[in-house]
Ligand code: DX5
Ligand code: ZN
């Protein structure tokens, strides 16, 4: 974390891919801290999105950290490809990693930060054994697979629960929240202890443009 109280990680899942470089630059100029890249395989989630080629393209247009969210089965098979493409954070689902400690070690050996994430219906106790070796905890606030869904308020308690666990086990690690973030839900998640916010549609589909989308979110948070 920098001296800011929060970080914003716009998800390019809702970007216009005919002008991806320009849209990433707009987000960066408007104050984006990271760029979130949603990788979906049509197997772990019912949608197919993007892979290492897009990460590599993003790497060429921005120096912001690339926050790569792997919604894929057997992510271990592809970690090296995403690391080579320029990912900074590689975040994997507890539901897809039966040997999470080994997966985290593999991510670290590739020179990346290891994020751990869990679906809305997965309990926080499932990730507890891996918090002390994680660099980031991503709490999914929608069922992964699509942008534009509504935030599930039932995850608010889980954010607070994981924050308490981290305070005990690994206090410097921050919680990122992903799914349905808008000017109302960003504040609710912040109040429970989240400090890194992913948003796709609220930024890239904002009727007044990307800068307005980012402003609508950050103005809710303490500066
Ligand atoms: C959902 C993805 C999210 C998604 C968020 O599976 O992991 O990152 O892009 O989209 P919004 O912000 O529109 O809910
Ligand atoms: Zn995501």
DSSP beta bridges in segment 1-116: the antiparallel percent, rounded to 5, is 5 percent
Which of 157, 145, 193 fluctuates most in a GNM of the chain (C-alpha springs under 10 Å)? That residue is 157
Neighbour-count ranking for 28, 99, 80, 176 (other C-beta within 10 angstrom, fewest to most) reads 99, 80, 28, 176
Rounded to the nearest 5, the percent of antiparallel DSSP beta bridges in the chain equals 5 percent
Connecting every pair of Cα atoms under 10 Å apart in the chain and solving the GNM, the largest mean-square fluctuation among 109, 150, 11 falls on 109
Taking 96, 164 and counting other beta carbon atoms within 10 angstrom, the fewest-first order is 164, 96
Rg/Rh of segment 113-186 (Cα atoms, Kirkwood Rh), to two decimals, equals 0.96
Normalised Cα Rg of segment 150-223, dividing by 2.2 N^0.38 Å with N its residue count, works out at 1.15
Convex hull around the C-alpha positions of segment 89-139: the volume in Å³ per residue is 62 Å³
Segment 25-71: spread of alpha-carbon positions along the three principal axes, whole Å, largest first, is 35, 18, 14
In Å, the Kirkwood hydrodynamic radius from C-alpha pairs for the chain sits at 17.1 Å
Once the mean of 1/r over all distinct C-alpha pairs in segment 1-53 is inverted, the Kirkwood radius in Å reads 12.5 Å
Ordered by fewest other Cβ atoms within 10 Å, a rough proxy for footprinting exposure, 163, 60, 128 read 60, 128, 163
Rounded to two decimals, the Rg over Rh value of segment 1-92 from Cα coordinates and the Kirkwood Rh reads 0.96
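Read the figures in this text as sums done on the coordinates, not as results from a lab. Note that the structure is predicted; figures quoted are calculated from it, not measured. Reconstructed Cβ throughout: ideal geometry from the backbone, glycine too, with neighbour counts over all protein chains shown.
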